[in-house]
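Peer 1: Mind having a look at this structure? Questions to follow.
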Amino acid sequence: MKEFEKDYPWSLVQTKVEGLDKEFNLSQLSERHQYFKSKVGKEIEELKQYLDKNTFIAYWLGKKNSGKGTYSKLMLEVFGKDRINHVSVGDVVREACKNLQDPKQREEIVDYLKKNYRGYISIDEAVESILNRDTKNLLPTEFILTLVKREIDKMPKKSLFIDGFPRNMDQISYSLYFRDLIHYRKDPDIFIAIDIPEQVIDERMKSRVVCPKCHTPRSLKLLTTQEVGYDQEKKEFYLMCDDPDCNKAKMVAKEGDNLGIETIRERLELDEKLITKIFSLHGMPKILLRNVLPVSKAEKLVDKYEITPEYYYELIEENKVKTKEKPWTVKDDEGKEVYSLLAPPVVISLIKQLHNIFIQKN
């Protein structure tokens, strides 16, 4: 997203606070609470006061595996579920597909659709489409939006982070008037784009593993567990799930992840076109989040513990593994050497930009 640098120079993450020398453990909830309070406490309190009386709608724009869900969860953690909600369009569709298979719930959903749905295919056709759909083909937008509206109607009115919409070029126009559909007509709406190098997405995919029992994801390279094992036969290290109920289950890679981003290349290209198109729109505020920092500027802008560590392992005894770490260096899409950032400092950038839009400019 180099073309946006001129218009959004302030999007470069800057979290360093003069005189604050404490290193926070960002993997622990209590430490994260102190971290956010120490870095952007004033902005958080003023935004909370704003959100007590006002709501907004924010549309996440980002390539697949760019961290939209993670950032949304952190925003809920900071501001509370009483002020903010995260709506994943993909989750809404999957849940509807599951519920439509139950006769009683199907009747309730169809009844809602009859009252709210408007589209070019019948409700019966739309229901059959969702139940038998090919994941490569998108469901009709009018049908998806009705399902999302149904989900939002069940919630008390609060600010929304919407993940997964707009998902293609045709849906951009729908997003401009989505607040009318869900009766948020006077609420400000914004687009939030995540700038993340392809190498970061590629490495995340290639090193990702999941627990076969609880399905918790981790990364051998970027998000390790407390205990690591070594497979003598395969001559490779593996992670053991931290959940006590899983009894240190060996975490395994998902099929196809070893191929990295080439399996989702078409999706990534569409996402890039979508973000570029939306950033040419007038009349809506936009936020640009950067997942990385130039290595040469990192020391002045962030603290070391905010940089994503790269984990590597050493077998010190026959069955004992020592975990080591170092700052993870990658190349951005222009070939420059950069550090990838952990999620909390990126969220600090989001909080500062939201504060600028809703507090400073008003």
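The values are calculated or read from the model by the stated rules, or taken from the named source; none is laboratory data. For clarity, every value in this text was computed on a predicted model and none was experimentally measured. Cβ: placed from backbone, ideal geometry, glycine included. Neighbour counts: every protein chain shown.
Peer 1: Looking at Phe56, Phe79, can you tell me which residue is at pLDDT 90 or above and closer than 24 Å to Tyr174 by Cβ? Before you say what the answer is, go through the steps one by one.
Peer 2: Values: Phe79 fails: closer than 24 Å to Tyr174 by Cβ.
Only one candidate passes the filter, namely Phe56.
Peer 1: Find the residue count for the range 51-78, including only residues that are part of a helix (DSSP H, G or I) and in contact (Cβ under 8 Å) with a residue 40 or more places away in the chain.
Peer 2: Final tally of qualifying residues: 10.
Peer 1: Which residue is farthest from Asp202 (Cα to Cα), if the candidates are limited to the range 314-344 and must be among the polar types (S, T, N, Q) and in contact (Cβ under 8 Å) with a residue 40 or more places away in the chain? Please lay out each step first, then the result.
Peer 2: In the first step, residues of the range 314-344 are kept if they are among the polar types (S, T, N, Q); the result is 319, 323, 329, 340.
Checking which are in contact (Cβ under 8 Å) with a residue 40 or more places away in the chain leaves us with 319, 323, 340.
Numbers: Asn319: 30, Thr323: 23, Ser340: 13 Å.
My answer is Asn319.
Peer 1: Ok, one more. Condition first: free of Cβ contacts under 8 Å to residues at least 60 places away in the same chain, touching a helix residue (DSSP H, G or I) at 6+ places or on another chain (Cβ under 6 Å) and hydrophobic (A, V, I, L, M, F, W, C). Now tell me which residues in the range 213-268 satisfy that.
Peer 2: The answer is Cys214, and nothing else.
Peer 1: Name the single residue that is surrounded by the most Cβ atoms within 10 Å (Cβ to Cβ) among those in the range 245-255 being at negative phi and at pLDDT 90 or above. Show your work before the answer.
Peer 2: Initial filter on the range 245-255 (at negative phi): 245-246, 249-255.
Imposing the further condition that a residue be at pLDDT 90 or above reduces the set to 245-246, 249-252.
On the way: Asp245: 8, Cys246: 16, Ala249: 17, Lys250: 14, Met251: 25, Val252: 12.
Per the criteria, the residue is Met251.
Peer 1: In addition: So which of Ile162, Ile152, Ile172 ends up being farther than 27 Å from Gln105 by Cα, outside any loop (DSSP other than H, G, I, E, B) and in contact (Cβ under 8 Å) with a residue 60 or more places away in the chain? Write out each step before concluding.
Peer 2: Working: Ile162 fails: farther than 27 Å from Gln105 by Cα; Ile152 fails: farther than 27 Å from Gln105 by Cα.
Ile172 is the lone residue from the list that is farther than 27 Å from Gln105 by Cα, outside any loop (DSSP other than H, G, I, E, B) and in contact (Cβ under 8 Å) with a residue 60 or more places away in the chain.
Peer 1: With the requirement that a residue be farther than 25 Å from Phe191 by Cβ and crowded, with 19+ Cβ neighbours inside 10 Å, what does the range 278-301 give you?
Peer 2: Across the range 278-301, the qualifying residue is only Ala298.
Peer 1: Of the residues in the range 47-69, how many are surrounded by 15 or more Cβ atoms within 10 Å (Cβ to Cβ) and either among the acidic types (Asp, Glu) or under 23 Å from Val17 (Cβ atoms) (or both)?
Peer 2: Going through the range 47-69 one residue at a time, the tally reaches 2.
Peer 1: Is there any pair with a first residue in the range 345-358 that is over 15 Å from Leu74 (Cβ atoms) and a second that is of a type outside the set (Lys, Arg) whose Cβ atoms are under 6 Å apart and which are 6 or more apart or on different chains, and what are they?
Peer 2: His355/Glu43; His355/Leu47; Ile357/Pro285; Phe358/Tyr50
Peer 1: If you go through the range 150-178 one residue at a time, how many are in contact with a Phe, Trp or Tyr (Cβ under 9 Å, 6 or more places away or on another chain) and either closer than 19 Å to Glu95 by Cβ or surrounded by 15 or more Cβ atoms within 10 Å (Cβ to Cβ) (or both)?
Peer 2: So the first thing to find is which residues in the range 150-178 are in contact with a Phe, Trp or Tyr (Cβ under 9 Å, 6 or more places away or on another chain), and the list is 150, 152-153, 157, 159-166, 171, 174-175, 178.
Narrowing the set further to residues that are either closer than 19 Å to Glu95 by Cβ or surrounded by 15 or more Cβ atoms within 10 Å (Cβ to Cβ) (or both) leaves 150, 152-153, 159-166, 171, 174-175, 178.
Residues that pass the stated criteria total 15.
Peer 1: Still on this structure, please answer the following. Taking the residues in the range 147-180 that are among the basic types (Lys, Arg) and within 23 Å of Asp82 (Cβ to Cβ) as candidates, determine which candidate is nearest to the chain's Cα centre (by Cα).
Peer 2: Here the answer is Lys158.
Peer 1: What are the pairs with Cβ atoms under 7 angstrom where one residue, in the range 97-118, is under 15 Å from Lys149 (Cβ atoms) and touching a residue at least 24 places away in the same chain (Cβ under 8 Å) and the other, located anywhere, is of a type in the set (Asp, Glu) and assigned to a helix (DSSP H, G or I)? Sequence gap at least six, or different chains.
Peer 2: Tyr117/Glu142; Arg118/Glu142
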